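First the structure, in the form of structure tokens, and then the observations on it.
Please treat every number below as a calculation from the coordinates, not as lab data. All values reported here derive from a predicted model rather than from experimental measurement. Note that each Cβ is placed from the backbone with ideal geometry, even for glycine, and that neighbours are counted across all protein chains shown.
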Amino acid sequence: MSRRAGDGRRPSRRRFSYTSVLLLAGLISCCYVLFSVPKFLPTRQSSQDDGGLAGYSENGGREKPELSTDSDIFSPASVARQLRDMLTLAKAYVVMAKENSNYGLAWELSAQIRVCQNLLSHSATSGTSVSFQEAEPVLKTLSALTEQAKELHYDSATMIMKLKAQMQALEERANAAAAQSTVFGQLAAEAVPKGLHCLGMRLTMVWATTEELRAKVESRKHDRRLTDNSLYHFCVFSDNVLATNVVVNSTIQTAEHADRLVFHVVTDHMNYGAMEAWFASSDLHGAAVEVQNIDELTWLNSSYVPVMKQLEDAETRSYYFKSGSADAKSTLKFRNPKYLSMLNHLRFYIPEVYPQLEKVVFLDDDVVVQRDLSALFSIDLHGNVNGAVETCLESFHRFHKYLNFSDPRISKHFDPESCGWAFGMNVFDLVAWKKANVTSRYHYWQEQNVDRSLWKLGTLPPGLLTFYGLTYSLDPRWHVLGLGYDSNIDSQLIENGAVVHFNGNMKPWLKLAMSRYKPIWEKHVDFSSPYVQQCNIH
């Protein structure tokens, strides 16, 4: 906080009251005026000879002193100060005249305002003071026009009331525009671009009509590398073919040994064929890719998964999906399908999806890999389950931001100042996961939040609770966040990041994407692919 001048000094004991001091100052000023002004009165001289003359007064014919351009700003008696005051008043009356459809008066005032501005501008650029002779016609005309405005009841009280009403109307319009912008931005973020929809449809058709491709994929399902714990395993859960390809492609291109990489992709039924067709026809440089359909995970049902059970409840469905609610702005993002998609919550079931694996790196579909990630698999998590980058450099990324600490179930067990951490690039020790029974902890907190009183939406709040005391802090350079909402991230920070994350609404495959960051993502898109070209993705 800036300190006002004099704040740092200790106040001294006053011997006189403020009133006495002001009276004394006024007396001294009067004496100065009485004894100094006559020096300027006899004849008109140049400002270099006598300090500057302000011309002559209209009532006595005697000349007034001109003041320097600096003192014009502060002296109430200066011509420039009078011009500025009249200028301000005239501008206000122009608004009032227009409000009352008196365009003739508004035009006359505007004309005099321009003359006044030209005088002041010439004075500022030439470094000379405005003389009374130059200003007198403008001041007289503006005085007459303002008197005319007052006769039309454009008085200060009326003007203040109208300006207040105008400000209130503008504020309401600004709020409405902000709310509308939020709605349109959210809808744009949720919408599937035409190019991506086209890509999925074309690839699905290829998958359905190419028997050799399906046979090739079927043979890969028995690849021993899929369960070899000496290799580097990554999992991606997504319904976006192009985004998943960027994650896989960027990881392969930055790896020292691409043939040691294994990617486990889970998608939904609609995009399963497209995902299989894409990776079956891509050059993976020796890496292995497994694609699964989430609908084939039969154990993932409402009797086992609290989120799926809650979605069967009519009240819950109404809360998340019903439009026209009282607080439409705040509930808009709750209706984003990704928050209730099982692909989003599947991260809490990784050991059950891959029961034979011991360690995996989880990647969101909106990340780009810029460094070899093989070193992540040799990091000692010291018995913890989750390795993640903390986000508590800012106060709003601590536990109290995400959770309701007015509820005793939260306040009794968690520290509100505990550091939050990021989903999107996480190292999971699945052996320690099973030992700590992490999935059961997740189920417990989801069941506690059936009335949405502990948190509102998403996977991060339950993740903070589930992995509380089980998270190891990674070097921040492993995971740089904010490319989907923050336009001011330091370029060096991005360049040094092993994984950069487009978290936020401005995804790189959308028109909303920030142009500064989009090339980071686009350089890993295979624009030479005939499917990409046919769908006009660029």
Residues meeting the amide H criterion for residue 360 (H placed from the backbone, H to H distance under 5 Å, 5 or more places apart or on another chain) are 428, 430
Using 0.36 nm per residue, how much length does the chain from residue 100 to residue 140 gain when fully extended, once their Cα-Cα distance is taken away? 12.0 nm
Protection proxy ranking, peptides 215-227, 93-105, average beta carbon neighbours within 10 Å, highest first: 93-105, 215-227
How long, wide and thick is segment 454-495, going by the Cα atoms along their three principal axes, in whole angstroms, largest first? 36, 25, 9
Extended-chain gain in nm, criterion 0.36 nm per residue less alpha-carbon gap, residue 175 and residue 281: 33.2 nm
At 1.567 mPa s and 4 °C, Stokes D of segment 417-502 from Kirkwood alpha-carbon radius, µm² per second: 87 µm²/s
Please give me the summed charge of the neighbours of residue 502: other residues whose Cβ is under 11 Å from its Cβ, Lys and Arg +1, Asp and Glu -1. -2
Counting Lys and Arg as +1 and Asp and Glu as -1, each charge on the Cβ, what is the dipole of segment 210-265 about the Cα centre in debye, to the nearest 20? 120 debye
